[in-house]
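In what follows, a structure is listed as structure tokens, so that the remarks can point back to it.
No value in this document is a laboratory result; all are computed from the given coordinates. This is a predicted model, so every value here is computed, not measured. Note that each Cβ is placed from the backbone with ideal geometry, even for glycine, and that neighbours are counted across all protein chains shown.
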Amino acid sequence: EGYCSPSGPIEHTSCAYETIEQVNTELFPKIHELVEHPFFRYYKVDLFRECPFWQENGFCMNRACSVEETEESEIPEKWRSAALSAVTVSSAEDGPSSCYFRDDDFCFIEDDSTPEGQYIDLALNPERFTGYAGDSSHAVWRAIYKENCFGLSEAGFASSAAGRGGKGAKEVLASAVVGAGGISTPNDNETCEEKKLYYRVISGLHASISIHICAEYLDTTTGEWKPNLQCFVNRLATHPERLSNVYFNAVLVLRAIARAAPYFRAYDVGVTPRATLGKESCSTAAGDKATRSLLDNVLSIAERSDIASGFDEAAFFQGPDAPILKEQFKTHFRNVSRIMDCVGCDKCRLWGKLQVSGIGTALKILFALDDKALDPKRNPDLLQRSEVVALFNTLHRISESLNSVEDFRQIYAATQAAE
Ligand code: FAD
């Protein structure tokens, strides 16, 4: 009965569930194709950073947890670390545009220009069921939800747990992990809007990951990958608020992309090296043009007026305590990106890092940058390639989740009809 079909306005937004679903039917095929294009499919990430908060022994030995790396020689030259570190050096001398807003980052950015990290072809490493579960994964989720702690009395905690690997951070999080009984949800009566925002974003990410697990589940008896309806019922369908948070994240990320659309329109998403522009072969020129055109399609969908005005970032971080709350929010979200180093399964860590970085980039666009900062002429180096890749792949993850919800509705209807 009305199985997982929410309707009406999504709380904290002026968008209806139905609008997002309708937009997603248009968005999903485009973004699904876009992330297959070279600019969006290669991601450089350091999967071997130590967990800074506790001793992580829960390494997942399943084959499904492993990540296939790509040789640097397969990556278009202009995105390799040597080329990027050369660009960084020269642009650092150009004045204030480069590295202008690093302090405003909501998460630790994977830096493409450093030698650390591995190149990953995301298309070869789909996010799906890996078998990673139990104490290790629960400790990570619990630590992430424990970061949802705001308030002026907590200002000292925020600075001590600033996530820079200091002793304070380690102690605070260790006690959070060991001492926590369950996962806390914010109490509506006494919670500030920013705390609810944090919770919704995290719960939406968690729910989206759960949907991917259920949508591509390994049937261990047949060795087949297929949707698992019971998994979806247990984790999502019986928890409508989790599902609602996925829709909320869709609105938030689309709003961020719409806000920065002029910046993305000017972003170089082509494979062709700058030095050979104009002399490029027909195939690379056509490929670059196709990437550009798909990106423009996605930007236009995000800019649709009913979506772009669906989330009002100006409603948050107002009032006398706003600067402190914003600083705390940023600190906590940065801690979440450090907690990702504690995920004991390479594949889960890869997608966890990417999505935290994507949401962090959306939060930065919404809450830390004004129109002047987002002006591509004034600030061309504002976002690193890794942030752009993470943001659009995160939109793809959310869009695919919403698409899978529709698939599960149909699977459910078919099972009902068969009974
Ligand atoms: P969990 O999903 O571990 O949830 C723990 C508890 O959190 C639940 O009991 C419930 O109380 C609460 N909860 C659950 N969902 C929500 C929500 N949306 N909002 C609020 N509270 C909630 N496994 C894979 O197979 N593939 C992956 O790609 C993968 N990626 C992961 C990435 C990260 C960053 C992490 C931490 C884990 C990942 N895992 C992945 C593991 C997966 O998320 C689960 O932890 C695992 O499947 C065990 O699930 P569970 O049913 O015990 O509940």
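Data table
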{"item": "Backbone N under 18 Å from the T114 label point (7 Å along Cα→Cβ), restricted to the range 32-56", "result": "43-53"}
{"item": "Distance between modelled label sites at Q318 and S73, nm, 7 Å Cα→Cβ extension", "result": "5.9"}
{"item": "When each of K195/K364; K44/K353; K326/K353; K196/K364 is checked by Cα-Cα distance, pairs over 20 Å", "result": "K326/K353"}
{"item": "R304-D371 pseudo-label distance in nm [points 7 Å out on the Cα-to-Cβ vector]", "result": "2.4"}
{"item": "Net charge of Cβ neighbours under 13 Å - reference E110; Lys, Arg +1; Asp, Glu -1", "result": "-1"}
{"item": "Segment T415-H32, extension gain: residue separation times 0.36 nm, minus the distance between their alpha carbons", "result": "135.1 nm"}
{"item": "Average Cα contact separation per residue, the range 262-386, under 8 Å, 6 or more apart, as relative contact order %", "result": "29"}
{"item": "Phi-based couplings in Hz for the range 382-389 (Karplus 6.51, -1.76, 1.60; Gly and Pro marked x)", "result": "4, 10, 6, 4, 4, 6, 5, 4"}
{"item": "The range 294-419 - Rg and Dmax from Cα coordinates, angstrom", "result": "18.4, 62"}
{"item": "Karplus 3J(HN,Hα) series, Hz, for the range 329-344 with 6.51 cos²θ - 1.76 cosθ + 1.60 (x for Gly, Pro)", "result": "4, 4, 4, 5, 5, 5, 4, 4, 5, 6, 4, 4, 5, 9, 6, x"}
